[in-house]
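The values are calculated or read from the model by the stated rules, or taken from the named source; none is laboratory data. Since this is a predicted model, take the numbers as computed values, not measurements. Ideal geometry is used to build each Cβ from the backbone, glycine not excepted, and the neighbour counts take in all protein chains shown. The area values use the complete protein model at the heavy-atom level, side chains included, leaving out ligands, DNA and RNA. Shrake-Rupley method; radii C 1.70, N 1.55, O 1.52, S 1.80 Å.
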Amino acid sequence: MTNPVIFCDFDGTVTKSDNIIRMMKEFAPPEWENIKDLILNRQISINEGVGKLFSLLNSNLKEELTAFAIENAEIRPGFKEFVEYTRTENIPLYIVSGGIDFFVYPILEKFGPFNGIYCNESDFSGERIKILWPNNCDSLCDNDCGCCKPGIMRRVTQGKECFKIVIGDSVTDLEAAKHADFVLARDLLQEKCVEWGINHRGFSSFFECINEINNRMEVGDVNVKG
Ligand code: MG
Ligand code: ZN
């Protein structure tokens with residue numbers, strides 16, 4: 001029996017929709033849609049695609065973009081309770097996000113602190129917005145993830161026996177799901193879990209995530225007390 005650790009995606013998981021897509025719809029010129037399709041069809045890497053998307057935007061949009069993201073972020077029901085649940089049960093909770101620091105941190109602020117928040121970073125010092133990748137793939141991943149979720153999972157759980165739970169919805173969670181012991185999945189991630197035979201359950205609110213994790217602890221899949 002091993003200890004549970006949760007790795008939770010942000011865009012489309014904590015928030016109901018993808019903040020980058022929402023921002024592009026509002027602020028980017030029409031060619032953003034083509035780049036988005038290339039990312040979703042996995043024709044270009046997330047790293048390259050997200051970099052290209054933000055390079056469509058002028059750096060002087062910083063304040064406006066941040067305000068827009070905070071105002072429009074709709075939090076999935078049960079998230080607050082879910083964070084409290086993990087604290088009560090002493091389950092480490094890491095947010096691992098392919099999103100960008102300037103909107104991830106302010107949206108999460110009132111729910112924290114977390115055991116860790118991993119996301120991409122932004123540089124507004126040039127004419128166009130530049131994305132930085134402090135969590136690039138390690139030597140064991142050649143997926144060009146941008147924010148390498150499997151790499152973060154390896155770092156965080158290094159040397160420890162853990163039951164790794166991944167919560168997510170989309171393309172940035174696929175590699176993470178392959179390294180998980182149990183996945184709570186929505187949308188594309190759920191389809192892929194079915195296709196790849198990954199141990200998973202679907203969910204629509206974080207209340208369901210609480211129940212699923214609780215059930216697993218009761219059947220003894222995981223042992224919180226260590
Ligand atoms: Mg997502
Ligand atoms: Zn990677």
On the given criteria, is Asn19 at negative phi, open to solvent by 10 Å² or more (accessible area, probe 1.4 Å) and either of a type outside the set (A, V, I, L, M, F, W, C) or within 19 Å of the chain's Cα centre (by Cα) (or both)? no
Matching residues, the range 78-99, being β-branched (Val, Ile, Thr) and open to solvent by less than 10 Å² (accessible area, probe 1.4 Å): Val83, Thr86, Ile91, Ile95, Val96
Which condition number does Pro113 fail, the rest of (1) within 16 Å of ligand 2 (Cβ to nearest atom); (2) loosely packed, with under 14 Cβ neighbours inside 10 Å being met? (1)
Test of understanding: among Leu132, Leu189, Leu184, which residue is open to solvent by 20 Å² or more (accessible area, probe 1.4 Å) and of a type in the set (A, V, I, L, M)? Leu132
For the range 50-58, does any single residue satisfy the condition of being over 18 Å from the mean Cα position of the chain (by Cα) and within 25 Å of Phe207 (Cβ to Cβ)? no
Contact list please: Cβ distance under 6 Å, first residue in the range 141-168 and among the small types (Gly, Ala, Ser), second residue more than 14 Å from ligand 2 (Cβ to nearest atom), pairs at least six apart or on different chains. Gly168/Asp9; Gly168/Thr13; Gly168/Leu189
Is the range 180-197 home to any residue that is assigned to a helix (DSSP H, G or I), in contact with a strand residue (DSSP E or B) (Cβ under 7 Å, 6 or more places away or on another chain) and within 14 Å of ligand 2 (Cβ to nearest atom)? no
